[in-house]
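One structure below.
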Amino acid sequence: MTPTMQDVAERAGVSAKTVSNVINGYPFIREETRLRVEEALRELNYKMNVSARNLRRGATGVIGLALPELSLPYFAELADAIMDAGHASGLTVVIERTRGDRDGELDALRGPRRHTTDGLLYSPLALGPEDEHLLPGEAPLVLLGERIFSPRFDHVTMQNVEAARAATTYLLSLGRTRIAAIGVHPEEKVGSAALRLEGYRQALSAAGVPDDPALYGEAQLWHRSTGAQAMAAVLDRGIRPDAIFAFNDTLGLGAMHELQVRGFDIPRDMLVIGFDDVEETRYSAPTMTSVNPGREFIAQTAVRLLLDRIGRQSEERSPELIKAPFRIVERVSTAVS
C-alpha cells in the first residue's frame, strides 16, 4: 500500500501540515523536526522524498508557469519569453494552463506538480484580492498580472493605467474625440479591464473630453470574436466613433474586422490602437498600432526574482512590485495623412 502524508506524519510524530512544510522547503522549521520528518520519508519510501529534498535545495532546475490560457497571443508570447529567460538561466519551464477558472488556479498552487518544481510564476485571472490568503507562503512564488497584489510576494506587472492613458492621449493628439473603448468589464473593480478603463478615462478628463459610456464596447472574454461583437454593439447603437482603443490586440483585430465588413476604411474613417503588441499586429491588414507593455522585461525580471528566492540569496529582502516600461508602436491603423 502506498504511504500517505498522514502515514509519514504519524511515523514522525508531527502534523501532516508539518510534513507538507518540510516537503515544500519551508525555512522556519526546527532542524530536529525536519530531520525526523526526512527520516520518516525515507523509512516509508514516500514517493515524493527525492523531489522534496531537491525542492528544498533548489536543485530540480524546473520552475512552473501558470497562465490562464495559451490561445491568446499575449500569453503564448509571454510563455515563450519566459522559457527563453529560463533557458538562459539553465532552467526548464513547465507550463500549466489554468483555464482562468478558480479550480484550475487553485490546482496550480496546490497540485502535485508543485512538489517537482523549485518555484512558480503565477498569473491568476479568477482569483481576486480576497483570495490573497490562499497563496502559499512556504515555496518561492512570483506574481504576474493584475488580479492579486500581495505584500508577501514579488510581483511583476504592466503599467496598465499609465499605458492606457498614453494610448488614449495619442488618439486625442491626432484630433480624435469620439474614442470607443473595446473590452470593458462594467462591474470589474480590479484587473486589466478596470485599470485600462481608468487610464482611458484619465486621458479624456485631462483633455476636457466627456466620458460617454455609449462608446463602451463590453467584452468579458478578450478574443477576436468578442472584439467584433463589442464593435458591432457600439455601431448598432447608432454611435459613430472616430477612433478605437482596444484593451488588447485580439479585441482590436476583431474590431477592425467588423469595421471593414461594414465598409469602414482604416485609418481614413477610423483610427485603431490595441494593447500588447503581439506579432500578429505586424501582419494584419492594415498593420495595427499597439502598446508594447514590456513583455520581455516582465519575463526576464520575473525569472530573475524567482531565482533569487529559490536560492535564498536575499531572505531579508522585502518583496518588490516592479512595473515594466511601455511604449507605443505606431503602424498603419493610426497613420493620418
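List of remarks:
- Among the criteria (1) of a type in the set (D, E, K, R); (2) over 30 Å from Ile310 (Cβ atoms); (3) over 18 Å from the mean Cα position of the chain (by Cα), the one Glu138 does not fulfil is (2).
- Pairs, first hydroxyl-bearing (Ser, Thr, Tyr) in the range 77-99, second open to solvent by 60 Å² or more (accessible area, probe 1.4 Å) and part of a helix (DSSP H, G or I), C-beta under 9 Å, six or more apart: Ser89/Arg304; Thr92/Met83; Thr98/Asp107
- A search for C-beta distances below 9 Å between a residue of the range 225-244 that is crowded, with 23+ Cβ neighbours inside 10 Å and any residue that is of a type in the set (Asp, Glu) and modelled with pLDDT of 95 or more, counting only pairs 6+ apart in sequence or on different chains, returns Gly227/Glu258; Ala230/Glu218; Ala230/Glu258; Met231/Glu258.
- Qualifying position, being touching a Gly at 6+ places or on another chain (Cβ under 8 Å) and β-branched (Val, Ile, Thr), among Thr287, Thr281: Thr281
- Filter result (more than 17 Å from Ala193 (Cβ to Cβ) and in contact with a Ser or Thr (Cβ under 8 Å, 6 or more places away or on another chain)) within the range 245-267: Leu253, Met256, Ile266, Pro267
- Filtering the range 266-280 to residues that are open to solvent by 60 Å² or more (accessible area, probe 1.4 Å) and over 27 Å from the mean Cα position of the chain (by Cα) leaves only Arg268.
- Single match in Pro151, Pro140 (criterion: in contact (Cβ under 8 Å) with a residue 60 or more places away in the chain and over 22 Å from Thr98 (Cα atoms)): Pro151
- Restricting attention to the range 281-337, the residues that are assigned to a helix (DSSP H, G or I) and surrounded by fewer than 13 Cβ atoms within 10 Å (Cβ to Cβ) add up to 1.
- Tally, over the range 160-171, of residues that are under 10 Å from Ala203 (Cα atoms), open to solvent by less than 10 Å² (accessible area, probe 1.4 Å) and under 18 Å from the mean Cα position of the chain (by Cα): 1
- Residues within the range 210-224 that are open to solvent by less than 40 Å² (accessible area, probe 1.4 Å) and touching a strand residue (DSSP E or B) at 6+ places or on another chain (Cβ under 8 Å), tallied: 5
- Applying the condition of being open to solvent by less than 20 Å² (accessible area, probe 1.4 Å) and in contact with a Lys or Arg (Cβ under 8 Å, 6 or more places away or on another chain) to the range 1-22 and asking which residue is modelled with the highest pLDDT yields Ala12.
- Selection from the range 172-193 of residues that are open to solvent by 10 Å² or more (accessible area, probe 1.4 Å) and either in a loop (DSSP other than H, G, I, E, B) or not hydroxyl-bearing (Ser, Thr, Tyr) (or both): Leu172, Leu174, Gly175, Arg176, Thr177, Arg178, His185, Pro186, Glu187, Glu188, Lys189, Val190
The values are calculated or read from the model by the stated rules, or taken from the named source; none is laboratory data. Predicted model, so just to flag it, every value in this text is computed and none were measured. A quick note on method: Cβ atoms are made from the backbone with ideal geometry, for glycine too, and the neighbour counts reach across all protein chains shown. The protein model used for the area step is the full one, side chains on, heavy atoms only, and it has no ligands, DNA or RNA in it. Shrake-Rupley method; radii C 1.70, N 1.55, O 1.52, S 1.80 Å.
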